[in-house]
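Take a look at the structure set out below.
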Amino acid sequence: PICPKMFMNNFARRTGSAVFKNRRMMSAGHQSEAEVEKEMAKWYKMTIVMVGLSSLLAVYNIVAHDHEHVRHGLPYQKIRSKPFPWSCPDCPLFDGDCWKECRENK
C-alpha cells in the first residue's frame, strides 16, 4: 500500500526535475538578474521603513500612554488567613506605602 502523500512527493520529485531543468523559478516571474536585484532592493527598503515605523509606534505607545494602574484598597486584596511573619503583619513584603504607614502608626 502506497500512501497518497508519499506517491505525490515521489511524483513531484521525478517530474519536477525534468520539467524545470536549467530554469530558475522566481516568485514574481522576473526574467533578468537586474529586475530581481531591483525588486530585492525595493523590498529591503520597504522592510527598513516598516521596522522604523513599528519602532516609532512602540515608543509612542510606551511613552504616551499612562501605565499607572491604581488598584489599592480593593476588598479582595486584603484577605488574610493569618498575619505575615514580619514586623508589620498586615503589609505585603514589597508595599512601601503600607510599611511607611505602619511604622508611623507604631
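The values are calculated or read from the model by the stated rules, or taken from the named source; none is laboratory data. Just so it is clear, the model here is predicted, and its values are computed rather than measured. In this analysis, Cβ positions are derived from the backbone assuming ideal geometry, glycine residues included, and neighbour counts consider all displayed protein chains.
Quick notes
- Any hit, the stretch 56-67, residues being at pLDDT below 80 and either in a helix (DSSP H, G or I) or closer than 30 Å to Pro89 by Cα (or both): yes
- Meets criteria (of a type in the set (D, E, K, R) and assigned to a loop (DSSP other than H, G, I, E, B)) for Glu101: no
- Cβ pairs under 7 Å, 6+ apart, first in the stretch 85-106 and within 17 Å of Arg71 (Cβ to Cβ), second assigned to a helix (DSSP H, G or I): Cys91/Cys98; Cys91/Trp99; Cys91/Cys102; Pro92/Cys98
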